Each structure stands twice: as C-alpha cells, then as structure tokens.
Amino acid sequence: MSAGAIGTPIPANRGRAFSWAMIALPLALLLLCLCAKYGVIDVPKGMRGLIIAGLLISLFITGMPISIALGLSVLTFMFTMTDVPIVAVSLKLFTGIEKFEIMSIPFFILAGTFLTQGGVAKRMIHFATTLIGHWYGGLGMAGVVSCALFAAISGSSVATVVAIGSILLPAMVEQGYPKRFGAGVIATSGALGILFPPSINLVIYAVATSGMNPIGPDGHRVASSSIGELFIAGIVPGITLAILLGLTTWWQAYKNDYPRMPAASWAERGRAFLDSFWGLFLIMIVIGGIYAGLFTPTEAAAMAAVYAFIVAVFVYRDLKIQDVPKVLLSSAAMSAMILYIVTNAVLFSFLMVSEQIPQSMADWMSVQGFGWMGFLLLCNLILLAAGNVMDPSAIVLIFAPILFPVAVRLGVNPTHFGIMMAVNMEIGLCHPPVGLNLYVASGIAKMGITELTLAVLPWLLTMIGFLLVITYWPGLTLFLPRLLGMSH
C-alpha cells in the first residue's frame, strides 16, 4: 500500500519551522521586554498585561512546566517593565505563602493518599453496589455513588479515578458491560473530587483570592470566601451533579439493555455499610467538625490525615507499616509540586494588582455595558479553553486573581464564583488534550484517548448543561451556606 493511501506525512521542514516558531515567540517577547526596560521603545500600560499573557502562553506551548513558566513570566515582567523593588518581591514570596490555610493542602493530599492505598475504595464500591446494583446500569451507577463518596473523603479527582476505576472497571467488564461505558462513567464521575469537600481546588481558590477584598458594585469592600464556606457551598451542587451523572448512566444502560445484578438483601446492605463506615465517617469529621466550630479547615485536614492513617493501617489493615514511608514520600512530592505553583502564583497575583489589570478590566466591561450574565459566560469560555492546555490547580491560581475582582465588581457572589470555577475545572479534567482523568482512565481501561473521548461524551454533555445551571442559578450554590448563616 502506498504512503498516500495511509495518509500524507507532514513535511520535515514544516515541522522544524513550527518548532523554531515556538522557540522564537517567547524570545521575541523577552526581547520586547528588554527594549522597554532600556528605553528603546515605549510600551503603553494597557499593553503590558497582553505581553505577560503572551509570554506565559508561549512558554506553555514550548512544553515548559507550568510553575516554571509562571515564575519566569512574572520575574521577566517585574525586572523589565515595572519599578517594583526586589525587596518587595522577596517579602511578597514569604508573606504570600505563610497563610495558615495553605497547610491544609498537604494534609488533605496525605489523607487522600492513605485512603487510596488503604482499601477504603473497594468497601465503598461494595456498599454502593448493594444499594443500586440491581437497577439498569447498576454497577455503573454504583461507580458514580462510589466516586461521590470517595471524592468526599479524598478531595482529589485523580485519586478517585485511580482508586475506584482500578477496582470497578474490571468488574464491569466481567459482568458484561462494554469497556467504553465503564471508562466513560469513571472518568467523568471521578471529577466530583473537585466539587465535593474537602476539595483541594476549593482550598486553592480560597488561598488565591484571600486578602484581595475587591470593591463591590455599591462601592464597599467585599471579603473573599473562607474555605469552610466553600466546602459547605459545594455540597448541594456536588450531590446534584452526582444525581445527573447517575441518571445519564441509567439512561445509557436502559437504552442499550446492559446487564443488571441480583438485588441485595437488607442484611447484606447493613453489613456493607458497617464495613465501609470507618471511611464514610471521615466526611463527618471534616464537614461536621468545621461547621460545629471544633476546628478550622486546616486543623480538620490534619485530623483527616491522622484518622486516614489509623483507618488504613490499624482498622482495615490493608496498608502495612513498612509501606507508610512510601505514602509519605508520594504525598510530599505532590504537595511540593502544588505549593511551588502556589508560590509563583502569589507573585503573579501581586503583579496583577500592582498593574491594576483587574480594575482596568472591570472599568472596560462597565463602559461596554457588560452585565454579570455576559461576564460569567465569557469566564466559562475562557476557563473551558484553559482546560485544554492547563492543570486545574494552575488555572485557578492564574485566573482567579484576574477574574475574581471583576466578578465582585459586577455583583457576583465570591462563593458562587468559586463553585462555578470548580465546575469548569471538572469539565476540563474530562476533555482532551490535557484532561488528566482521561489519561488516568485510559491507562486503567487500556483504551486510546480518542476512543475514550467519544465514550465520555454523554456524561460530558450532562456536565456542560449543569455548568449553565450553576452559572445562572446562584441560589443552588448559596442555599446551604445561607441556611447555615455562613453567607448572605
């Protein structure tokens, strides 16, 4: 068969030209910054934001790690186009990351890692299967319930996909479900980890916007949302999305007449609940403890890590003492990666405020007649586009300091805006080319990304529809915080 019958290969010289262009673009922007520093050209203040954005995106395109690209962009801009003294930069680095709330990130990561390794997932799957396994698509719906429960104790989407998917996907194939169906359920339901408390991304949003206190539409300062308020606000949207994903799973199974399991007795359900009780009780420790005022979110994270260690090692005994150092190293590596991004994002936020970029955006939108509805639609488009090329944590850290003050200026509630961003991040995890859940589920199911992208489509469309609801119905997000007196 000729080469033309298979497909026309890309000419080597065109590929080299594209590679050189990717390298030349950030260098050209760097040269522009240097010319501005030494007075060769005069860059208007309104153009500076576009230059730093262009430099950041061009470095992303070269494949440079997000944290390093972010740090290089900010430092280049500071040393060439601003008069910010180096002392202020170093002070901002230390004061920006000394927040007590940041400590909750490594603790929640550690708790999630212990639970992933400690056999909690298989007990939750068994409990969910006894409840709804006899419905159409029961095993798939059990996957949705298991992902929601596990997300509520781990706070991580990727950990949820690994823990639930590695156990449930082989079981679904063995029961006669198509592999595509099972992979689609797990890849999308695993994203619930971003929305359900204790979501690490909600913690990052609270940290990224804390202390900004932007001006609201009435001219008064508006405080950013606390971690506890965001956790409570994520419960109703999280449950709602889990129900919608479950209904989508049921409809797909009913339409295709997928197999059903025998109904479990109430005695079996009771035993399954008792077996999974110690894992489920962690939800009460975190959420109940925060709302009851027994401890702060950071203290709740530390309690969760200690409790998860005890449950995994001494109660369920699925994790051996000699494996604990490996878990600690794995958690430390992930925490260091996130905290390094946070450090560079602190500088980025500082630069945005010093250059008054959010204020300029808000003024421009007010002149153009943008209302809060049009602004939120624009935010969704920006965040969904960013989800194609960036990690959720990086998206929150980069875009929250820019968009948050504008949203508050247009009358958007800070908590509502944070939950809306979280739903955007969920969708970003489930679509190519950088959807982390797709890659993890692809590895578990031994499927190609293209095939898996088609498999997740029904659930992905459900999530996009839910995004529109959560965007334009703030009451769904703010109902529980207002009921508990945490928001107004």
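The values are calculated or read from the model by the stated rules, or taken from the named source; none is laboratory data. Here the structure is a predicted model, which means the values were calculated and not measured. Neighbour counts run over all protein chains shown; Cβ positions are idealised from the backbone, glycine included.
Worth a mention:
- For segment 293-305, the set of residues classified as in contact (Cβ under 8 Å) with a residue 24 or more places away in the chain and part of a helix (DSSP H, G or I) consists of Pro297, Thr298, Ala300, Ala301, Ala302, Ala304, Ala305, listed by residue number.
- Among residues of segment 69-95 that are of a type in the set (Phe, Trp, Tyr), those with a Cβ under 6 angstrom from a residue that is surrounded by 15 or more Cβ atoms within 10 Å (Cβ to Cβ), sequence gap 6+ or separate chain, pair up as Phe77/Ile52.
- Segments classed as helices (runs of 4 or more DSSP H), wholly inside segment 400-488, with at least 3 members that are closer than 17 Å to Met373 by Cβ: 414-428, 457-472, 474-483
- Tally, over segment 194-240, of residues that are modelled with pLDDT under 90, polar (S, T, N, Q), in a helix (DSSP H, G or I) and more than 14 Å from the chain's Cα centre (by Cα): 1
- Sole residue being surrounded by 15 or more Cβ atoms within 10 Å (Cβ to Cβ) and out of contact with any Pro (no Cβ under 8 Å at 6 or more places or on another chain), chosen from Ala336, Ala272: Ala272
- Check on Ile283, more than 22 Å from Leu328 (Cβ to Cβ) and crowded, with 18+ Cβ neighbours inside 10 Å: no
- Test: residue in segment 136-150 that is more than 25 Å from Ala233 (Cβ to Cβ), outside the structural domain of Ile243 (by TED's automatic domain parsing) and not in a helix (DSSP H, G or I): no
- Every condition in (1) at pLDDT 80 or above; (2) within 21 Å of Ile427 (Cβ to Cβ); (3) surrounded by 24 or more Cβ atoms within 10 Å (Cβ to Cβ) is met by Ala142 except one, and the failing one is (2).
- Selected residue [modelled with pLDDT of 80 or more, aromatic (Phe, Trp, Tyr) and under 16 Å from Phe196 (Cβ atoms)] from Phe114, Phe108: Phe108
- Selection from segment 36-82 of residues that are surrounded by fewer than 17 Cβ atoms within 10 Å (Cβ to Cβ) and under 11 Å from Leu351 (Cα atoms): Leu75, Thr82
- For beta carbons closer than 8 Å, sequence separation of 6+ or different chains, a first residue in segment 273-292 that is touching a residue at least 24 places away in the same chain (Cβ under 8 Å) and a second that is loosely packed, with under 15 Cβ neighbours inside 10 Å and outside any helix (DSSP H, G or I), the qualifying pairs are Tyr291/Leu484.
- Only one entry of Val367, Val315, Val306, Val327 meets the criterion of being buried (at least 20 other Cβ atoms within 10 Å of the Cβ) and either at pLDDT 85 or above or farther than 15 Å from Ile402 by Cβ (or both), and that entry is Val327.
Yes/no per residue for (1) buried (at least 24 other Cβ atoms within 10 Å of the Cβ); (2) polar (S, T, N, Q); (3) not assigned by TED's automatic domain parsing to the domain that holds Val342:
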site: Pro401; (1), (2), (3): no, no, no
site: Val406; (1), (2), (3): yes, no, no
site: Asn437; (1), (2), (3): yes, yes, no
site: Ala441; (1), (2), (3): yes, no, no
site: Ile449; (1), (2), (3): no, no, no
site: Thr453; (1), (2), (3): no, yes, no
site: Tyr472; (1), (2), (3): no, no, no
site: Gly475; (1), (2), (3): no, no, no
site: Phe479; (1), (2), (3): no, no, no
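- Residues of segment 61-82 satisfying the condition of being outside any loop (DSSP other than H, G, I, E, B) and under 19 Å from Gly387 (Cα atoms): Ile61, Ile66, Ser67, Ile68, Ala69, Leu70
- Scan segment 258-278 for residues that are over 18 Å from Tyr316 (Cα atoms) and in a helix (DSSP H, G or I) and the total you get is 4.
- Where a residue in segment 145-171 is surrounded by 24 or more Cβ atoms within 10 Å (Cβ to Cβ) and at pLDDT below 80 and its partner, wherever it lies, is of a type outside the set (Asp, Glu) and assigned to a loop (DSSP other than H, G, I, E, B), with Cβ under 7 Å and at least six apart: Ala151/Phe196; Ala152/Phe196; Ala152/Pro197; Gly155/Pro198; Gly155/Ser199; Ser157/Leu429
- Among the candidates Ile243, Ile285, Ile290, residue that is under 26 Å from Val469 (Cα atoms) and outside any loop (DSSP other than H, G, I, E, B): Ile243
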